[in-house]
Amino acid sequence: MADRETRPTTVWSRPERGARGPAPERSRTQITAAALALADAEGLAAVSMRALAQRLGTGPASLYRYVGSRDELLDLMADAVAGELDLSGATGGDWLDDLVGLALQSRDAHVRHPWLADLNDRRGEVLGPHAIDYLDHALGILAPAPGTAGQKLEAIGLLGGLAVLFARREAAGVHRRRRPPHLLAALTAAGAPPPADRDALFVRLLRRLLPAMLGQGEP
């Protein structure tokens with residue numbers, strides 16, 4: 001029973017760097033930033049400890065003093081993107097407007113980092129500090145909204161799913177894998193609209209779907 005209740009160790013639960021070895025030459029933040037740049041330039045498959053070490057001008061073994069595995073590196077990358085979102089806005093206003101604004105930020109982050117959707121497809125339930133802040137902020141926005149806690153978590157999941165879908169749609173000319181063909185066909189039936197129209201469609205879908213998921217009629 002105790003083993004089943006023990007939470008797995010994550011990269012954030014360990015010190016920034018092991019105590020042994022020479023003085024630190026870099027930080028996890030620097031390593032993560034280099035990995036993000038590599039993924040943005042060449043895609044997620046190009047991110048390996050060896051390729052990252054070459055980019056940083058060091059040996060792969062030196063990176064393992066900061067990051068235990070490639071999976072941990074991917075966790076750091078995903079959380080770093082979550083940290084790009086601006087969560088400084090106060091909650092407690094119009095929850096639907098605030099949540100739509102958060103969704104637009106999430107979609108834009110996926111557009112900046114097209115590999116992020118593929119990373120989310122393969123990752124487990126590991127949440128870093130920025131991702132936890134995002135989830136807490138979204139739940140804070142939804143505090144005055146109707147619906148149960150479970151419905152609110154599902155609504156946040158829908159927000160993320162639509163952000164990924166629209167980001168993939170914008171990058172459809174380059175990233176064509178694992179796209180929902182029928183939904184994308186319906187969304188693009190009228191041709192590729194300009195960015196302002198794409199934003200309007202994204203917002204319109206959210207404003208219709210989110211209240212319905214929370215047991216409220218369309219605003």
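Bear in mind these aren't lab numbers, they're just calculated from the coordinates by the rules spelled out. Source: prediction; values computed, not measured. Counting neighbours? That spans all protein chains shown, and the Cβs are built from the backbone with ideal geometry, glycine included.
Key figures for this structure:
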{"item": "Which listed residue is out of contact with any Gly (no Cβ under 6 Å at 6 or more places or on another chain), more than 22 Å from LEU205 (Cβ to Cβ) and surrounded by 18 or more Cβ atoms within 10 Å (Cβ to Cβ), from LEU165, LEU127, LEU159", "result": "LEU127"}
{"item": "Scan of region 28-52 for residues that are without any contact (Cβ under 8 Å) to a residue 40 or more places away in the chain and within 11 Å of VAL67 (Cβ to Cβ), ordered by number", "result": "MET49, LEU52"}
{"item": "Members of region 142-153 that are touching a Ser or Thr at 6+ places or on another chain (Cβ under 9 Å) and either closer than 28 Å to VAL11 by Cβ or surrounded by fewer than 18 Cβ atoms within 10 Å (Cβ to Cβ) (or both)", "result": "ALA143, PRO144"}
{"item": "Failed condition for LEU74, given (1) touching a Phe, Trp or Tyr at 6+ places or on another chain (Cβ under 9 Å); (2) in a helix (DSSP H, G or I); (3) not charged (D, E, K, R)", "result": "(1)"}
{"item": "Qualifying positions in region 109-118 - out of contact with any Leu (no Cβ under 6 Å at 6 or more places or on another chain), buried (at least 17 other Cβ atoms within 10 Å of the Cβ) and not small (Gly, Ala, Ser)", "result": "HIS113, PRO114, LEU116"}
{"item": "Tally of residues being under 18 Å from the mean Cα position of the chain (by Cα) and of a type in the set (S, T, N, Q) across region 25-69", "result": "2"}
